[in-house]
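S.K.: Sharing a structure with you now.
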Amino acid sequence: MPKSNQQPTFATAFKKSLMSFLALSPMILAVIGLVALFQTYITPDMLSKFFGHGESLDILDGTVVGAISTGSGVIGYVVADGLKQQGVSDYALISFIMAWTTLSLTHLPAEASVFGIKFTAYRNILTFLCTLVIAYLSVTTLRLFL
Amino acid sequence: MKKLKFKGLKFLLFVIALFILVSIFDFENIAKIMDKIGSMLLRILPIFALVITLTAIINYFLKPEKIMRYFGENSGIKGIFYTLLGGIISHGPMYAWYPMLDDMRKHGLKFGLIANFMYARAVKIPLLPFMVGLFGLPFTVIVNVYILIFAILQGKIIDLLIKEKEK
């Protein structure tokens, strides 16, 4: 652990913070570029074609589709609303929303570069599994009480 | 001040190569993609400013010893609480928060707590009304409680999987 008995000035702390950010700027630009490419070529219409294969498969479909999709959370909910109108199950919708907000294929290279391949692999595999379990548990819990 | 060492240059070159390919085979879409990049940058610039300022505040007020105490090996329930709270209230895309997490990681932030933070981001307070509209209130409450439980579980598992000597 570095020794630091001297209190840095806020200007020094800010400069250090700015430098840390600038160091990661090529990666951030690359992620933004990749997200823009995905948003252009993978449309909501294409995503909706993945669903409708039964509740169990829909959980998996929702997770995979959510993971390969990109965009802000609001867009995720708008797409989910459209899927609901098409009769997609709650299992699929919740796994889709969960995967949309927690998993992203386009972020993987950046995450691995910052936090290491091991952490990125463990975290994303666990997140994938958690999404499947949460989607199942949430719908099951709700059905127990309502 | 240390010399600036860029990360992700190869990744950026790869994406630039993809853009060159797209401009050769699908030139019509390039303007559309550039528009998307422009609007994304405009939307997340304020978040970047927030992240840079927050990182500076953390660097200024939290010395490495304090970061170790709040977010290090023996941080316990406090570390979990703070990272969950941070994940819930943080906005913008995940990658915008990488510099801050990377900086805190160098000062002792546990990998498990990074996982906590990242998973707790699934609880999005501004988007809760959308979720209630889509699934109803009971369902929204249940899902978000599960998210927080699984965020803690995930953090614990990550810490078990990545032992100190491997970090």
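S.K.: Would you mind calculating the relative contact order of the range A:10-145 from Cα pairs under 8 angstrom and at least 6 residues apart, reporting the percent as a whole number?
M.R.: 26 percent
S.K.: Another question about this same structure. For a quick check: sort B:7, B:124 by the number of other beta carbons within 10 angstrom, fewest at the front.
M.R.: Placing the least packed residue first, the sequence is B:7, B:124.
S.K.: Using a basic spin-label model with each label point 7 Å from the Cα along Cα→Cβ, how many nm lie between residue A:41 and residue B:128?
M.R.: A separation of 3.9 nm, rounded to one decimal place.
S.K.: List, in the order given, every pair from A:16/B:156; B:10/B:36; A:84/B:124 whose Cα-Cα distance in the structure shown is over 26 Å.
M.R.: Correct reply: A:16/B:156.
S.K.: While we're on this one: Arranged by the count of other C-beta atoms within 10 angstrom, fewest first, what order do B:105, A:143 take?
M.R.: A:143, B:105
S.K.: What per residue convex hull volume, in Å³, do the alpha-carbon atoms of the range B:69-167 yield?
M.R.: Once divided by residue count, the hull of the range B:69-167 is 94 Å³.
S.K.: Residue by residue through A:82-91, how many Cβ atoms from other chains fall within 10 Å of the Cβ on average?
M.R.: What the average comes to for A:82-91 is 1.
S.K.: Now for a separate question. Report the equivalent ellipsoid semi-axes for the range B:1-61 in whole Å, largest first, defined as the square roots of five times the eigenvalues of the gyration tensor built from alpha carbon atoms.
M.R.: Over the Cα atoms of the range B:1-61, the ellipsoid semi-axes are 32, 18, 6 Å.
S.K.: Using a Gaussian network for chain B with springs between C-alpha atoms less than 10 Å apart, which of these wobbles most: B:141, B:51, B:22?
M.R.: B:22
S.K.: What ranking of A:45, B:35 emerges when the number of other C-beta atoms within 10 Å of each C-beta is taken as an exposure proxy, fewest first?
M.R.: Taking fewest neighbouring Cβ atoms as first place, the list is A:45, B:35.
S.K.: In peptide B:80-88, what is the residue-averaged number of other protein chain Cβ atoms found within 10 Å of each Cβ?
M.R.: Average neighbour count from other chains, rounded to a whole number: 0.
S.K.: Along each of the three principal axes of the Cα atoms of chain B, give the extent in whole Å, ordering the values from largest to smallest.
M.R.: Answer, in whole Å and largest first: 54, 52, 31 Å.
S.K.: Residues in the range B:85-118, backbone N under 16 Å from the label point at residue B:57 (7 Å along the Cα-to-beta-carbon vector): list them, ranges by number please.
M.R.: B:85-92, B:97, B:100-101, B:104
S.K.: Provide the convex hull volume over Cα atoms per residue for chain A, in Å³.
M.R.: So the per-residue hull volume is 171 Å³.
S.K.: Just B:37, B:16, B:142 to compare: in a GNM of chain B, with alpha carbon springs under 10 Å, which one fluctuates most?
M.R.: Residue with maximal mean-square fluctuation among B:37, B:16, B:142: B:16.
S.K.: In vacuo Debye scattering of the range A:65-146, one point per C-alpha: log10 I(q)/I(0) at q = 0.26 Å⁻¹?
M.R.: Those come out to -1.21, one per q.
S.K.: The range B:70-162: which chymotrypsin sites (Phe, Trp or Tyr not before Pro) are DSSP loop and have at most 15 other beta-carbon atoms within 10 angstrom?
M.R.: Listed in order of number, the matching sites amount to none.
S.K.: With springs connecting C-alpha atoms under 10 Å apart, model chain A as a Gaussian network and identify which of A:89, A:104, A:56 has the largest mean-square fluctuation.
M.R.: A:56
S.K.: Can you compute the label reach from residue B:23? Point 7 Å from Cα along the Cβ direction, backbone N cut-off under 12 Å, restricted to the range B:29-50.
M.R.: B:30-31, B:34
S.K.: Per-residue Cβ counts within 10 Å, from other chains only, averaged over B:26-33: what number is that?
M.R.: Mean inter-chain Cβ contacts per residue within 10 Å come to 2.
Values quoted throughout were computed directly from the atomic coordinates according to the rules given, and no laboratory measurement underlies them. The model shown is predicted, which means the values in this text are computed figures rather than measured ones. Virtual Cβ from ideal backbone geometry, glycine too; neighbours counted across all protein chains shown.
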